[in-house]
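Participant: Starting off with a structure, shown below.
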Amino acid sequence: MKKYLIAGLAGVASLTMAGTSAIAQDDDKNMAASSSTLGSVQSAGELRCGVNTGLPGFASQNDAGEWQGLDVDYCRAIAAAIFGDATKVSYTPLSAVQRFPALQNNEVDVLARNTTWTMDRDTKLGLVFGGVNYYDGQGFMVRKEIGVSSAKELDGATVCVQSGTTTELNLTDYFNSNGMSYNPVVIESQDNVNQAYESGRCDVLTTDASGLYATRLELADSDAHIVLPEIISKEPLGPAVRQGDDTWANIVQWVHFALLNAEELGVTQENVEEMKSSDDPSIRRLLGADGNFGEVLGLENDWAANAIAAVGNYGEVFERNVGTSTPLGIERGLNNLWTNGGVQYAPPVR
Amino acid sequence: MEEQVSGYVADQQIPSRPAPASDRGIVHAVQKNLFATPVDSVLSIVFGAFAIWLAWSILSWAVFDATFVGGDRASCLTPEGGESEGACWAFVGAKFSQFMYGSYPIDLRWRPNLVGIVFVLLVAGFAIPKVPFKALNGWLLFAVFPVFALVLLTGAGFDVSGGFTAFLMLMAATAAYLLYGDDAGGLAAWPGRVAAIALIACFAGIVMSSLDTGTIRFAGITFTVWSLLACLSAILSVGAIALGMAQRAGVQIWRPVLPVIVATIVAVLLAEDYGLRPVSTNLWGGLMLTLIVAVTGIAASLPLGVLLALGRQSDMPAIRTVCVIFIEFWRGVPLITVLFMAAFMLPLLMPSGVTFNQLLRALVGVALFSAAYMAEVIRGGLQAIPRGQYEGAQSLGLSYWQSMRMIILPQALKLVIPGIVNTFIGLFKDTSLVYIIGLADLLGTVRRGFSDPNWITPSTAATGLVFAGFVFWLFCFGMSRYSLFVERRLDTGHKR
């Protein structure tokens with residue numbers, strides 16, 4: 001009896017196999033579309049954007065649960081350039097260790113997570129950076145009452161710094177090269193470093209400038225502290241994509257450049273519609289009134305106009321999220337346009 | 001003689017008198033308990049003062065100096081030169097719905113609400129002894145509710161694969177074989193042997209099912225040839241058991257078939273499109289996610305733990321070795337490592353294009369991890385059962401599973417209730433570790449709230465953490481009290 005059953009099972013198996021091998025495989029149709037990131041984003045109908053789990057001014061959720069911040073606005077601008085709709089973004093909050101695996105495993109399409117552009121990451125990790133949307137770097141915070149207005153006047157100061165970080169190395173280098181002395185207070189965790197500064201164990205707190213501004217808000221009397229203008233290290237932060245899809249990298253890069261060009265040309269969220277009929281050929285090219293610059297990116301010609309209408313130009317994005325009108329109150333500094341003494345510079349659209 | 005004695009012996013109970021005035025009242029209690037000796041007095045004063053100071057500080061932080069209403073950080077900041085700032089409850093108020101639901105779409109929050117209400121009703125019905133219909137309630141809670149919750153929370157319309165369907169059916173068929181294989185004659189009779197071979201065939205089919213051999217769509221499910229064969233094998237297996245039972249006893253042959261039917265229905269229900277808007281799991285968060293992870297872990301770890309504990313005590317070396325290795329592996333690895341592995345290593349080991357949901361990975365990790373702990377707790381209970389109970393069950397002619405089901409486990413589980421609840425509570429608190437793999441549970445959403453520049457103040461973090469701690473305490477304390485109640489109720493005279 002058992003033998004018959006097994007034989008019967010085998011018979012059914014071979015019959016089914018024979019039958020189904022004839023079934024056409026139509027999976028290949030989808031393959032062509034999803035092999036390019038732009039294609040898969042368009043067919044999914046949303047941009048998957050990797051953001052920080054929470055960094056004041058760069059990515060955080062407001063009271064209504066909506067994501068907001070400088071990096072978040074880049075996700076929205078890219079989505080607007082692709083779909084004409086800045087809400088078609090699905091945000092994936094990523095921790096520092098998660099961010100690169102998530103991008104490499106195709107869990108996100110673009111990583112806008114205050115990631116420093118370094119050669120190592122550009123080469124070994126297989127990333128392509130789409131520009132620098134925030135020039136960060138190590139800075140100093142002091143109490144206003146000690147009357148210092150430049151880091152060059154910090155000779156002999158007591159400095160709180162996190163141990164074992166590049167921050168500590170940069171600090172040593174800076175003071176040595178400027179011929180100044182200092183007393184380091186070296187502490188393991190950044191939270192404890194901040195506490196030590198608040199309790200008055202040191203005169204100066206040093207870490208990345210964006211972190212200093214966020215820390216200042218946690219101090220009991222935030223107005224009594226000032227972040228000095230000197231930036232002593234290079235931490236260029238920018239959106240990153242996977243290597244090997246140049247079309248997609250171009251889109252991320254040119255959305256960034258479009259926001260910068262918009263600021264330079266005076267195009268804002270408010271006047272973007274009327275600017276389309278401007279006489280300035282560079283504005284007309286940027287906003288898609290002339291030429292087919294959107295088409296060559298694989299998008300609609302009003303891609304940049306949509307992005308600007310969604311988030312505004314770079315200056316507006318900066319001011320809304322981290323600028324002096326926000327609680328963070330960060331000065332433009334290096335992030336100003338090259339025409340205003342900063343280093344933000346975009347190639348022209350032509 | 002009697003006359004003489006009667007003068008001295010009371011012929012009735014003398015009513016008890018109140019204690020002397022010096023031994024009564026609040027003054028005496030204070031004197032006796034707090035100021036009995038000079039050392040006592042000093043200690044009482046010192047610690048009393050400390051307690052009052054502590055209570056006062058907590059009260060002034062949480063109530064007197066606290067800010068209860070406000071729209072942004074400005075309301076929680078102390079005015080220039082003010083006293084030290086108190087709690088910023090306005091922050092908790094503004095973010096409360098996020099703390100509960102994470103980023104779950106606001107217009108769809110009736111779905112988690114409904115799931116929550118149904119869950120509370122079912123659990124209450126199950127946990128309160130007086131409520132009738134326990135069997136029906138159990139079925140609803142353990143079989144219907146998980147599918148209901150999954151469908152409602154995600155919106156269903158899944159792309160269910162044949163391999164997954166076959167996997168569900170394999171689980172069901174295996175359960176049927178374990179429970180009723182003996183009634184069908186076991187490996188000594190042909191139906192039992194056919195059933196066992198079919199199970200192995202089913203497993204092999206699932207392993208092969210990722211091979212691309214063309215697809216067949218049926219009832220919304222995409223089968224490959226191998227997964228279809230695996231499903232057929234599972235049906236064959238339970239069919240054989242049912243036939244065997246019919247031959248021998250001729251009663252209740254629907255019982256072994258039922259689990260497979262349920263598994264099939266579940267697969268079809270998940271593939272069905274209900275017109276609900278899908279909600280991606282990366283939007284889930286807050287207390288909702290904490291409860292989902294904890295309840296899934298708790299519900300999965302108990303049965304898995306029982307099986308592992310029994311396997312570890314098994315006479316069959318292969319099963320025993322597998323169980324020992326499983327338990328020792330999961331117990332020897334920290335949960336953080338398990339979650340990291342699930343989040344980062346698993347995708348690297350998968351063939352490209354195959355992705356597992358992040359939440360599902362975490363759920364499986366948590367369930368397996370806690371199952372290993374649960375197994376050891378239950379093994380403790382099994383060891384406490386005297387040998388006579390096992391032998392008595394055997395002498396009644398009960399099969400292994402029958403004796404476990406009816407004699408051993410009811411006693412063993414009762415003994416280890418404190419240990420089980422301990423594991424549950426530990427698991428509940430461990431769920432906050434999913435924060436490090438990017439899932440925002442209650443603690444995670446609270447911490448994410450700290451980075452909203454509109455709310456950063458010196459007291460925001462403390463307030464948020466106190467709130468999260470209070471919610472965790474509420475749930476753990478609830479579980480702890482219920483376990484005490486169950487212990488007392490099941491107490492059958494072993495208490496020392």
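The values are calculated or read from the model by the stated rules, or taken from the named source; none is laboratory data. From a predicted model like this one, the values you see are computed outputs, not experimental measurements. FYI the Cβ positions are ideal-geometry reconstructions off the backbone, even for glycines, and counts take in every protein chain you see.
Participant: With the requirement that a residue be β-branched (Val, Ile, Thr) and modelled with pLDDT under 75, what does segment B:1-22 give you?
Facilitator: The answer is B:VAL5, and nothing else.
Participant: State yes or no: is B:LEU490 within 14 Å of chain A (Cβ to nearest Cβ), under 21 Å from the mean Cα position of the chain (by Cα) and touching a residue at least 40 places away in the same chain (Cβ under 8 Å)?
Facilitator: Considered against the rule, which asks whether it is within 14 Å of chain A (Cβ to nearest Cβ), under 21 Å from the mean Cα position of the chain (by Cα) and touching a residue at least 40 places away in the same chain (Cβ under 8 Å), B:LEU490 comes out as no.
Participant: Looking at (1) surrounded by fewer than 18 Cβ atoms within 10 Å (Cβ to Cβ); (2) more than 24 Å from the chain's Cα centre (by Cα), which is the only condition A:ARG285 fails?
Facilitator: Just one mismatch for A:ARG285, condition (1).
Participant: Quickly run through segment B:374-392 and pick out the residues that are among the aliphatic types (A, V, I, L, M) and either free of Cβ contacts under 8 Å to residues at least 12 places away in the same chain or crowded, with 19+ Cβ neighbours inside 10 Å (or both).
Facilitator: Passing the criteria: B:MET374, B:ALA375, B:VAL377, B:ILE378, B:LEU382.
Participant: Mind telling me which of the residues B:LEU283, B:LEU270, B:LEU236, B:LEU346 ends up being within 13 Å of chain A (Cβ to nearest Cβ) and in contact (Cβ under 8 Å) with a residue 60 or more places away in the chain?
Facilitator: Only one candidate passes the filter, namely B:LEU283.
Participant: Given the structure, is B:LEU307 part of a helix (DSSP H, G or I), at pLDDT 80 or above, within 12 Å of another protein chain (Cβ to nearest Cβ) and closer than 21 Å to B:ILE200 by Cβ?
Facilitator: No: the conditions fail for B:LEU307.
Participant: Could I ask something else about it? A:ILE283: touching a helix residue (DSSP H, G or I) at 6+ places or on another chain (Cβ under 6 Å) and without any contact (Cβ under 8 Å) to a residue 24 or more places away in the chain, yes or no?
Facilitator: For A:ILE283, the condition - touching a helix residue (DSSP H, G or I) at 6+ places or on another chain (Cβ under 6 Å) and without any contact (Cβ under 8 Å) to a residue 24 or more places away in the chain - is met.
Participant: Enumerate the helices (runs of 4 or more DSSP H) found wholly within segment B:129-243, keeping only those where 1 or more residues are modelled with pLDDT of 75 or more and crowded, with 21+ Cβ neighbours inside 10 Å.
Facilitator: Qualifying helices (runs of 4 or more DSSP H): B:162-180, B:190-208.
Participant: Does B:ARG73 satisfy the condition of being within 14 Å of another protein chain (Cβ to nearest Cβ), within 25 Å of A:LEU328 (Cβ to Cβ) and either at pLDDT below 90 or under 36 Å from the mean Cα position of the chain (by Cα) (or both)?
Facilitator: When the stated conditions are applied, B:ARG73 passes them.
Participant: Name the residue, out of B:PHE450, B:PHE428, that is within 14 Å of chain A (Cβ to nearest Cβ) and touching a helix residue (DSSP H, G or I) at 6+ places or on another chain (Cβ under 8 Å).
Facilitator: Step by step, each of B:PHE450, B:PHE428 is checked, and only B:PHE450 is within 14 Å of chain A (Cβ to nearest Cβ) and touching a helix residue (DSSP H, G or I) at 6+ places or on another chain (Cβ under 8 Å).
Participant: Continuing with the same structure: Kindly list the number of the only condition in (1) assigned to a loop (DSSP other than H, G, I, E, B); (2) under 15 Å from B:LEU439 (Cα atoms) that fails for B:ASP273.
Facilitator: (2)
Participant: In this structure, is B:GLY305 more than 29 Å from B:ARG379 (Cβ to Cβ) and under 21 Å from the mean Cα position of the chain (by Cα)?
Facilitator: no
Participant: Can you spot a residue in segment B:352-373 that is touching a helix residue (DSSP H, G or I) at 6+ places or on another chain (Cβ under 6 Å), in a helix (DSSP H, G or I), basic (Lys, Arg) and buried (at least 20 other Cβ atoms within 10 Å of the Cβ)?
Facilitator: yes
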